[in-house]
Amino acid sequence: MKRPTVFIDRDGTINVEAGYINYEDNFIIYPFVYQAIRLLNKLDILAVVVTNQAGVAKGYFPLENVYNLHNKMIRLLENNGAKLDGIYFCPHHKDAKIKEYRQDCDCRKPKPGMIKRAIEELPIDTDFMYVIGDKVSDIELGVNCKCKTALVMTGYGKAEIEKLKRKNIKTDFIGENLLEAVYFVIDDLKKRGYPLSL
Ligand SMILES: [Mg+2]
Ligand SMILES: [Zn+2]
């Protein structure tokens, strides 16, 4: 059965924003994230991470570091009873140093590539998709992929509100953090008559 899906940004939304995150030591998950993802799991809503990691293209850290961090993220979540249904990342940048990843790809947010791939690979109900993130590019991604959107105030969130206004981009919800945004998703699904398994 196809399921509602929340696409979740990584840096600044799941873990503390710290510039280009390359080492496991500066990968710190916000404490409310576990409950947020457990809630999604319990309600059979897919939780899928979508993250730009241009640090790979720029030569700041190798691809391997991204995988190591994601393994750590999976492990920490698992230890707290929470699980992700997918992780997608874009290692590209159009004017980056590393040739292999120097491309104007279709997956760097706000472009839709990661969500398109997820729709091919996972049982996603495309009528009920959401994007949660701390940046304008997350909200634009949602708009581009016909998802409802939520901006969080962690990470770059507070500074991004102004940019949204300036670019005249509307978000469906603004909340303190991922947990509040997940409550918005649940409320919204209920309002739209989606039969959640509460
Ligand atoms: Mg972010
Ligand atoms: Zn890409």
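The values are calculated or read from the model by the stated rules, or taken from the named source; none is laboratory data. All values reported here derive from a predicted model rather than from experimental measurement. As a convention, Cβ positions derive from the backbone with ideal geometry for all residues, glycine included, and neighbour counts pool all protein chains shown. Ligands, DNA and RNA are excluded from the accessible area calculation, which covers all protein heavy atoms including side chains. Shrake-Rupley method; radii C 1.70, N 1.55, O 1.52, S 1.80 Å.
Side notes on the structure shown:
- Antiparallel DSSP beta bridges within the chain, percent to nearest 5: 5 percent
- Nearby lysines by direct alpha-carbon distance to K72 (threshold 21 angstrom, same-chain neighbours under 8 apart not counted): K83
- Overall Cα dimensions of the stretch 83-198 - principal axes, largest extent first, Å: 49, 35, 25
- Whole-number Å³ per residue for the convex hull built on Cα positions in the stretch 122-185: 81 Å³
- Given K94/K170; K99/K165; K116/K167, the pairs whose alpha carbons are separated by over 29 Å: K99/K165
- Descending principal axes extents, the stretch 75-116, alpha-carbon based, whole Å: 40, 22, 13
- Nearby aspartates and glutamates by direct alpha-carbon distance to K58 (threshold 14 angstrom, same-chain neighbours under 8 apart not counted): D95, E100, D104
- Label-to-label distance, nm, for residues given as K165 and I28 (7 Å Cα→Cβ offset): 3.0 nm
- The stretch 1-137: C-alpha gyration tensor shape, a/c 1.5 cut-off, then a/b vs b/c: oblate
- Per residue solvent-accessible surface (Å²) - the chain, probe of 1.4 Å: 49 Å²
- A Förster distance of 22 Å, applied to the separation of the beta-carbon atoms of D125 and K83, puts the FRET efficiency at 0.70.
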